[in-house]
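The structure appears below as structure tokens.
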Amino acid sequence: MDLDLAQVRAFVLAAEELHFGHAAEELSISQQALSKRIARLESTLGRRLLDRGGQGVRLTEAGRRFLEPARQALAAADLAVAAVLDAHRPLRVDMWGHLYAPMRTLAQVAADAPRLELGHGRDLPSVIAALLHGDIDAAFGRVHAPLPAGLTHRLVRLEPVDAILGADHPLADAPAIRPAQLRDGVLWAPGALHRLDFLRRFADSFGVRDRAEGTNLGLEHFLTDLAADTRRFSLLPADVPLPPGPAIRSIPLVDPTPLYAWSLLWRGQGGHPLLEALVSAFVAEAERSRWLEHDPLRDWLPERHDAHASTPA
């Protein structure tokens, strides 16, 4: 039995969106054309894959069984096309978490993974959308659940985080700070805190009740706003270079030390021919620079990570 991949793609999008109109928009075809493609696929298979009723679109039992192999078939087809057409195209990699300077880490592996074309995603949701649409090949930043099916991520670096304070903060002269000592301060966030998973989880875990949000206009503007209130503090990786400007202190956090987790994220089951080289470069650098070493008794992570294997979403 030969499958028409256009029909399979129509089914997969409809199954993921559970909305024929949205799926048709993704494919730039009419809803009627989408319905015909799925109907022909169901006729070929001799099974109904989707139920369309008054309560919307639902997968049948046969549709649930068919969905993941269908995704794999499409990924294999995309890989076959990429092997012919994309062999000379740079690997497109988006980054997010720009205030935390992801380029510092990516630059250390770029020499071993040439021909990168770098982009700047707004946040994890926007990067996920770009990956799923095929606009980029991989992404680099902090990954947290939930992730859509079909994406894979690998933890590549755990980076100690410092407390960032203005020079007039009561703890500005401390040689080290325990997270619990920040409980009465004001966590200053470069954006809506519900979108900044690491900072939000830190505040929740260590009882920081007072939180304030600004706009991410770059590190210098962020630090200027931070220094404007003697109760404000924030978190940055320990070796992020601070710009000249407001008097800012970067003080180690201990008992425990928070670790910021950097991961590589990509669409599973195939992709650009250079993707494997990029993953290998990250793995080699992580081993060489001991990026994944940590002590669970002394360090804090918002969630557990598997430092040694790819993690399907």
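The values are calculated or read from the model by the stated rules, or taken from the named source; none is laboratory data. Everything numeric in this text was worked out from a predicted model, so none of it was measured. Here the Cβ is made from the backbone with ideal geometry for all residues, glycine too, and neighbour counts use every protein chain on show. Just the protein is used for accessible areas: all its heavy atoms, side chains included, with ligands, DNA and RNA removed. Shrake-Rupley method; radii C 1.70, N 1.55, O 1.52, S 1.80 Å.
Going through the DSSP H helices of the chain, which span 15 Å or more along their own axis at the Cα atoms while scoring at least 0.0 as a mean Kyte-Doolittle hydropathy?
Passing helices, by number: 5-17, 61-85, 275-289.
Can you pull the semi-axes for segment 161-309, root of five times each eigenvalue of the Cα gyration tensor, sorted largest first, whole Å?
They are 31, 18, 15 Å, listed largest first.
If you average over every viewing direction, what projected area does the convex hull of the Cα atoms of the chain give, in nm²?
19.1 nm²
Per residue, how large is the accessible surface of segment 35-185? Use a 1.4 angstrom probe and give square angstrom.
48 Å²
In what order, largest first, do Met103, Met95, Met1 sit by accessible area if the probe radius is 1.4 Å?
Heavy-atom accessible area, descending, gives Met1, Met103, Met95.
Tally the DSSP beta bridges in the chain and give the antiparallel ones as a percent, rounded to 5.
65 percent
Compute the Cα gyration tensor for segment 1-59, then decide on rounded, prolate or oblate, letting a ≥ b ≥ c be the square roots of its eigenvalues: rounded whenever a/c is under 1.5, prolate when a/b is larger than b/c in the other cases, and oblate in all that remain.
The shape class here is oblate.
For segment 92-139 and segment 184-214, write down the distance between their C-alpha centroids in whole Å.
Using only Cα atoms to place each centre, the spacing works out to 25 Å.
Within the accessible area of the chain, what % is carbon and sulfur when the probe is 1.4 Å and the other protein chains stay in place?
C and S atoms contribute 51 percent here.
For every other residue with a beta carbon closer than 14 angstrom to the beta carbon of Ala227, add +1 if it is Lys or Arg and -1 if Asp or Glu, then tell me the sum.
Computed value for this residue: -1.
Please identify, among Leu187, Leu151, Leu45, the residue showing maximal mean-square fluctuation in a Gaussian network model of the chain using a 10 angstrom Cα cutoff.
Top of the fluctuation ranking is Leu45.
Can you sort Glu303, Glu213 by solvent-accessible area, 1.4 Å probe, largest first?
Glu213, Glu303
Which whole-number percent of Cα pairs in segment 1-139 have a distance greater than 24 Å?
44 percent
Heads up, I need the accessible area for Thr230: 1.4 angstrom probe, whole protein in place, Å², nearest 10.
70 Å²
With every protein chain present, what accessible area does His194 have (1.4 Å probe, heavy atoms only), rounded to the nearest 10 Å²?
Using a 1.4 Å probe on the heavy atoms, I get roughly 140 Å².
What would the Debye formula give as log10 I(q)/I(0) at q = 0.17, 0.23 Å⁻¹ for the alpha-carbon point model of segment 107-164, no solvent?
-0.71, -1.14
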